Amino acid sequence: MIAPSPASSQGFSLVLADVDGTLVTPRKTLTARAIGAVKALNEAGIAFAITSGRPPRGMAMLVDPLTLRTPIAGFNGGVFTHPDLTVIMSRSLDPTAARTSTDLLLDKGLDVWVYTQDEWLIRDRKAPHVARETATVKFAATVVSGFNSEHFVDAVKIVGVSDDLDLVAACETEARKALVDKASVARSQPYYLDITHPSANKGAVATELSSFLKIPLEKIVAIGDMPNDVLMFRKVGFSIAMGNASDEVKAQASAVTDSNEADGFAKAMRRFVLGQSEQDENAAAISRSNHAGVSSRRRA
């Protein structure tokens, strides 16, 4: 675990980042600039944490490149783990709410995925977005013929999936009305509707990390691109929307950066958190390159 650090010169002590659409590119990769920006945060004494609708094991590939030392908030805060993926805390859905969610989504024509703390359950391996999600999280789903009561006992997230984006949006509204205080309902992507425990949302993630790391909420920066990220925007001291976010999301952030296709995350860290100019970053990049060259020659 990372120890609480003094605030940076900009007054921030922790950056909390969404993953897909924010930290990684559309091809689900980390750029050299993103990795360099997180390293610069660490060097400035600013902690860095990630949160996502992904399961924790679906973020394992980010741990080493980013030298993560803070808790990982998977399933939008449904499960918190240490960087080695040992569980700190898990919030399962009420089984009745899980069943109600699944029935509602299936009745409306969405495909449904059920996540437990350890498994990803689907009905059809050829269904939309399954192949892409498998490539993203780096593990395969378990195919079941249908969902039963046993699957809902330990469900931490129900996902409705459809490429009919208007239908997904309509289901979000209907699910919120049907579940009221029994679940948190939000789109993590335009084609994914995530249903989790009422306290499993990104606003609660910010609050939990503030308590766990003993960092005041006003010293936290949050960055994201989707409506479910707005919940953490509202909790923290400074918020940044990605350039690929909707106008609605951008309007609720303190600042807007470039898209995840144009290294918007790295640029935001340098400009808004570290207070560096592009020239400063270029100089740092040259320094790192020269250092790498010297190290390589020494090994040779």
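Observations, loosely collected:
Matching residues to (1) crowded, with 23+ Cβ neighbours inside 10 Å; (2) free of Cβ contacts under 8 Å to residues at least 24 places away in the same chain; (3) over 17 Å from TYR192 (Cβ atoms):
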residue	(1), (2), (3)
ILE46	yes, no, yes
PRO55	yes, no, no
VAL63	no, yes, yes
ALA98	yes, no, no
SER101	yes, no, no
VAL137	no, no, no
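- Selection within region 236-253 - surrounded by fewer than 20 Cβ atoms within 10 Å (Cβ to Cβ), in contact with a helix residue (DSSP H, G or I) (Cβ under 8 Å, 6 or more places away or on another chain) and in a loop (DSSP other than H, G, I, E, B): GLY237, GLY243, ASN244, SER246, GLN252
- Some residue of region 169-183 being surrounded by 12 or more Cβ atoms within 10 Å (Cβ to Cβ) and in a loop (DSSP other than H, G, I, E, B): yes
- Taken together, the criteria place THR116 among residues that are outside the structural domain of GLY74 (by TED's automatic domain parsing), modelled with pLDDT under 95 and under 21 Å from ASN228 (Cα atoms).
- The set of residues from region 61-104 being in contact with a Phe, Trp or Tyr (Cβ under 6 Å, 6 or more places away or on another chain) and assigned to a loop (DSSP other than H, G, I, E, B) comprises just one member, PRO71.
- ALA141 in contact (Cβ under 8 Å) with a residue 40 or more places away in the chain and among the hydrophobic types (A, V, I, L, M, F, W, C): no
- Per-region count, region 215-229, residues within 30 Å of LEU106 (Cβ to Cβ) and outside any helix (DSSP H, G or I): 3
Residues are listed down the side, and each one gets a yes or a no for (1) under 30 Å from SER259 (Cα atoms); (2) in contact with a Ser or Thr (Cβ under 9 Å, 6 or more places away or on another chain):
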position	(1), (2)
ALA34	yes, yes
ILE46	yes, yes
THR70	yes, no
ARG99	no, yes
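- Scanning region 207-222 for residues that are buried (at least 22 other Cβ atoms within 10 Å of the Cβ) and among the small types (Gly, Ala, Ser) turns up just one, ALA222.
- Residue match in region 51-60 (condition: in contact with a helix residue (DSSP H, G or I) (Cβ under 8 Å, 6 or more places away or on another chain), closer than 21 Å to LYS219 by Cα and not assigned by TED's automatic domain parsing to the domain that holds GLN117): yes
- If you go through region 141-168 and pick out every residue that is surrounded by 12 or more Cβ atoms within 10 Å (Cβ to Cβ) and small (Gly, Ala, Ser), you end up with 4.
Residues are listed down the side, and each one gets a yes or a no for (1) of a type outside the set (Gly, Ala, Ser); (2) outside the structural domain of GLU133 (by TED's automatic domain parsing); (3) more than 20 Å from PHE80 (Cα to Cα):
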{"position": "LEU167", "(1), (2), (3)": "yes, no, yes"}
{"position": "GLU174", "(1), (2), (3)": "yes, no, yes"}
{"position": "ASP181", "(1), (2), (3)": "yes, no, yes"}
{"position": "VAL185", "(1), (2), (3)": "yes, no, no"}
{"position": "TYR191", "(1), (2), (3)": "yes, no, yes"}
{"position": "SER210", "(1), (2), (3)": "no, yes, no"}
{"position": "ASN228", "(1), (2), (3)": "yes, yes, no"}
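- Scoring PHE147 on the criteria (1) assigned to a loop (DSSP other than H, G, I, E, B); (2) out of contact with any helix residue (DSSP H, G or I) (no Cβ under 7 Å at 6 or more places or on another chain) leaves a single failure, condition (2).
- Applying the criterion of being outside any helix (DSSP H, G or I), under 15 Å from the mean Cα position of the chain (by Cα) and among the charged types (D, E, K, R) to the residues of region 184-214, the residue that is nearest to SER101 (Cα to Cα) is ASP194.
- Which numbered condition SER9 misses (of (1) among the polar types (S, T, N, Q); (2) modelled with pLDDT of 95 or more; (3) surrounded by fewer than 16 Cβ atoms within 10 Å (Cβ to Cβ)): (2)
The values are calculated or read from the model by the stated rules, or taken from the named source; none is laboratory data. Quick caveat, the model's predicted, so the values are computed rather than measured. Reconstructed Cβ throughout: ideal geometry from the backbone, glycine too, with neighbour counts over all protein chains shown.
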